[in-house]
Every structure is written in C-alpha cells, then in structure tokens.
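Here is the structure we will look at, set down as structure tokens.
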Amino acid sequence: MNKNDQEFLVQKIRAQYTEKESTELDALRALDAKVRRPADVFAYIFGSIGAIVMGSGMSLVMTDIAQTVGIPNPMVCGIVTGIVGLVMAVVNYPLHKRILGSRRKKYAAEILALSDTIMKE
C-alpha cells in the first residue's frame, strides 16, 4: 500500500469519529423528512394491510380454507373481504396525499423561511 492510499484510508476512518457540524441544509433536510415520514409510514402500513385483506378474500374464494374454518358460504364472504381489501388499496394513495398536504401546510412557513435563508447565502 503506497503513501497516498494510507493517507486516504486514515482520513476515511478519522472522518467517522469526528463530529460533523450541523448546517442549515441539514436542518432543511431533517424538516422535510419530518413532514414526509408520517405520511409514508401510514401509506406503507395501510397499503400492506389492504393487500393482506384482499389476499385473504382471494384465498377464501380459491382454496378450501373456508371449509376448514367452518364458513358456510366462502364465495360471498371471500368476495366481500376481497372488495374491502381492494377499496383499502385504492383509497391508500388519496389518503397519503391528504396527510402529506396537511403536514406541508403545517410546516410550510418554517420550511420556506429556512430555504430563503439558505438561498440568500
């Protein structure tokens, strides 16, 4: 290993142990993440639950699980369960946009003020 490679490796390791100073751009990124994260988490969880419900309805219709569980009319129950899951999946995107929009309104003034400060520098 030559001298330049050693210096590069030393600097890389050293950078991991030094504290980085926080900038306004870091604060803006953190604030943007604070706005987006709740809407994204909700969309992932709600969409996953909707997909599981829809899949449960499909499996009631297509397999003999309903007979094992003791459901007398699996076709109707499976179709209703599948439609409920489908509606959850379809409504997920508008709900995500609504949550994101309300959080953007809540933090808009703070984000705009911080971004104006960064742009003026």
Select from region 6-51 the residues that are open to solvent by less than 80 Å² (accessible area, probe 1.4 Å) and among the acidic types (Asp, Glu) and write down the one among them that is nearest to the chain's Cα centre (by Cα). Asp40
Among what's in region 64-79 and is out of contact with any helix residue (DSSP H, G or I) (no Cβ under 9 Å at 6 or more places or on another chain) and open to solvent by 70 Å² or more (accessible area, probe 1.4 Å), pick the residue that is farthest from Ala89 (Cα to Cα). Thr68
Here are some conditions: (1) within 25 Å of Pro94 (Cβ to Cβ); (2) under 20 Å from the mean Cα position of the chain (by Cα). Ser56 meets all but one. Which one does it not meet? (2)
Out of region 17-29, which residues are at pLDDT below 85 and either polar (S, T, N, Q) or within 13 Å of Ser115 (Cβ to Cβ) (or both)? Thr18, Ser22, Thr23
Tell me whether region 104-114 contains one or more residues that are open to solvent by less than 50 Å² (accessible area, probe 1.4 Å), in contact (Cβ under 8 Å) with a residue 40 or more places away in the chain and hydrophobic (A, V, I, L, M, F, W, C). yes
Exactly one condition in (1) under 19 Å from the mean Cα position of the chain (by Cα); (2) open to solvent by less than 80 Å² (accessible area, probe 1.4 Å) is not met by Val84; state its number. (1)
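The values are calculated or read from the model by the stated rules, or taken from the named source; none is laboratory data. All figures in this text were calculated on a predicted structure; none of them were measured in a lab. We place every Cβ from the backbone using ideal geometry, glycine too, and count neighbours over all the protein chains shown. Each accessible area value is taken on the protein alone, full model and side chains, heavy atoms only, with ligands, DNA and RNA left out. Shrake-Rupley method; radii C 1.70, N 1.55, O 1.52, S 1.80 Å.
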